[in-house]
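The structure appears below as structure tokens.
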Amino acid sequence: MDTQDYIRITEKNVLHTYNRLPVVFKRGEGVHLYDTDGKEYLDFAAGIAVFGLGYGNKEYNEALKDQVDQLIHTSNLFYNVPLAEASEKLIKASGMDKVFFTNSGTEAIEGSIKAARKYAWLRDHSTDHEIIAMRNSFHGRSLGALSVTGNAGYQDPFKPLIGGIRFADFNDLESVRSQVTDKTCAIIMETVQGEGGIYPAEPEFLKGVRELCDERDILLILDEIQCGMGRTGYLFAWQKYGVTPDIMACAKALGCGVPVGAFVLNKKTAEHSLVPGDHGSTYGGNPLACRAVSTVFDLFEKNHITEHVRRTAPYLEKKLDELTEKSEKITARRGAGFMQGLVLADSVKVGEIVAEAMKKGLVVISASGNVLRLVPPLIITESDIDQMYSILAEILL
Ligand SMILES: *Cc1c(COP(=O)(O)O)cnc(C)c1O
């Protein structure tokens, strides 16, 4: 079978919910991907901010192989070794109190919403609590997560969604304040909006929301699914702000490729929310996924990943600013660490730029608002950045 066969067979069988680029990837090594024709690509997408460690990390691969040979699944009716190890590392790294492992980001959001509602229910036993979410946000595709995703195009065909959701403007404290009622149980937001176009929270905004939550006993849920796990130069993006969430949702780079997510609760929320019978998952906390998480934490520490991102991000920003200044096709750059967006002029279609970059051997993706999104593996070097720059310069200058 050749490339065209794989594409034809996939399109014949797989529900058409994605407009895929005509590339079949077969292998990865470091920051490079190789397609079925052997062509090399420099990857500045990392499988949508997932593959933090880069492809083919030997220790990561060996750990997974070892776990496959030992035990892949047991269910949550029993304990398992990687669950204990992964939980210990995630709790220590976050300074939070309890974790529930899921299989994806959207499930981590579902669990976060359930924990917040249960917390409020235990307080007053009323069943009409409200959650404030942000316009232009993205929290996932399952119905609860979709309900707090501030994007009409994603929501409208699937209504009615879950009730009691109010929307406010991100980075506008007054807008959030105006949505608070006696029924508000939680405020949910991404610390850095990803899909919506790479908007970091402004420090005053995040601090203001935290204070508002403290005043009114409202839980702050931070979605760190995309911006967490080292991407902004901190293990969790909120660590830079000095603001701690009551509940945090993780996924994407948490397993660096193995499907896994988590929602993490602080002590107050953990002690007054979900109990046996309230929530579950057959796969959640499974030994293979947890071995991945545990290994990711080890390798992040060993390879000084957050330090590397903090040290290298200024160079990435400098090169992107240079491009922004020189190119009439780029109007602005936004971002934090290795989560960067180039806002393209209205005359340019981001999809076409992405396709052109692919032809030239550079993988980049898009975000809402005509934004070219760069979320590379967290191990990229200055010379990878130079190579990315020269390819984008060919297209955008
Ligand atoms: C990707 C993403 C999700 C959803 O995660 P899935 O694993 O695709 O369900 C939720 N929130 C944010 C911020 C994301 O980037």
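The values are calculated or read from the model by the stated rules, or taken from the named source; none is laboratory data. Just so it is clear, the structure is predicted and the values come from calculations on it, not from any experiment. Because the Cβ atoms are built from the backbone with ideal geometry, glycine has one as well, and the counts that use them run over all protein chains shown.
Just give me the residues in region 79-107 being away from the ligand (no atom under 16 Å from the Cβ), in contact (Cβ under 8 Å) with a residue 24 or more places away in the chain and of a type in the set (D, E, K, R), in sequence order.
Correct list: E85, K89, D97, K98.
Sort through K349, K318 and tell me the only one that's surrounded by fewer than 18 Cβ atoms within 10 Å (Cβ to Cβ) and more than 27 Å from H139 (Cα to Cα).
Only one candidate passes the filter, namely K318.
Collect the residues in region 98-107 that are of a type outside the set (D, E, K, R) and assigned to a helix (DSSP H, G or I), keeping them in residue-number order.
Of everything in region 98-107, those that are of a type outside the set (D, E, K, R) and assigned to a helix (DSSP H, G or I) turn out to be G105, T106.
Looking at region 323-342 only, could you name the residues that are over 23 Å from T381 (Cβ atoms) and within 15 Å of the chain's Cα centre (by Cα)?
none
Checking the conditions here, which among A249, A270 is modelled with pLDDT of 95 or more, within 16 Å of the ligand (Cβ to nearest atom), within 18 Å of I91 (Cα to Cα) and among the aliphatic types (A, V, I, L, M)?
After applying the criteria, what remains is A249.
Of everything in region 215-226, what is in a loop (DSSP other than H, G, I, E, B), farther than 13 Å from C256 by Cα and near the ligand (Cβ under 7 Å from one of its atoms)? Give them in sequence order.
Those that are in a loop (DSSP other than H, G, I, E, B), farther than 13 Å from C256 by Cα and near the ligand (Cβ under 7 Å from one of its atoms): none in region 215-226.
Which of (1) within 16 Å of the ligand (Cβ to nearest atom); (2) part of a loop (DSSP other than H, G, I, E, B); (3) acidic (D, E) is the odd one out, the single condition E110 does not satisfy?
The one condition E110 does not meet is (2).
How many of the residues making up region 108-120 are within 13 Å of L254 (Cα to Cα) and either without any contact (Cβ under 8 Å) to a residue 24 or more places away in the chain or charged (D, E, K, R) (or both)? Break it down stepwise before answering.
Keep residues of region 108-120 that are within 13 Å of L254 (Cα to Cα), which gives 108.
Subsequent filtering for residues that are either without any contact (Cβ under 8 Å) to a residue 24 or more places away in the chain or charged (D, E, K, R) (or both) retains none.
Going through region 108-120 one residue at a time, the tally reaches 0.
Take the residues in region 136-174 that are assigned to a helix (DSSP H, G or I) and in contact with a Ser or Thr (Cβ under 7 Å, 6 or more places away or on another chain); name whichever of them is nearest to the ligand (Cβ to nearest atom).
In the first step, residues of region 136-174 are kept if they are assigned to a helix (DSSP H, G or I); the result is 143-147, 152-158, 173-174.
After this cut, where a residue has to be in contact with a Ser or Thr (Cβ under 7 Å, 6 or more places away or on another chain) as well, the list is 145, 155.
Details: A145: 7, Q155: 14 Å.
Looking at residues that are assigned to a helix (DSSP H, G or I) and in contact with a Ser or Thr (Cβ under 7 Å, 6 or more places away or on another chain), I get A145.
Among the listed residues V24, V68, V31, V50, which satisfies the condition of being touching a residue at least 60 places away in the same chain (Cβ under 8 Å) and surrounded by fewer than 20 Cβ atoms within 10 Å (Cβ to Cβ)?
Result: V68 is the single residue among V24, V68, V31, V50 that is touching a residue at least 60 places away in the same chain (Cβ under 8 Å) and surrounded by fewer than 20 Cβ atoms within 10 Å (Cβ to Cβ).
Taking region 342-397, which residues are part of a loop (DSSP other than H, G, I, E, B) and over 25 Å from Y199 (Cβ atoms)?
Matches in region 342-397: K360, G361, I379, T381, L397.
Specify which of the listed residues (K349, K360) is among the charged types (D, E, K, R) and touching an Asp or Glu at 6+ places or on another chain (Cβ under 7 Å).
K360
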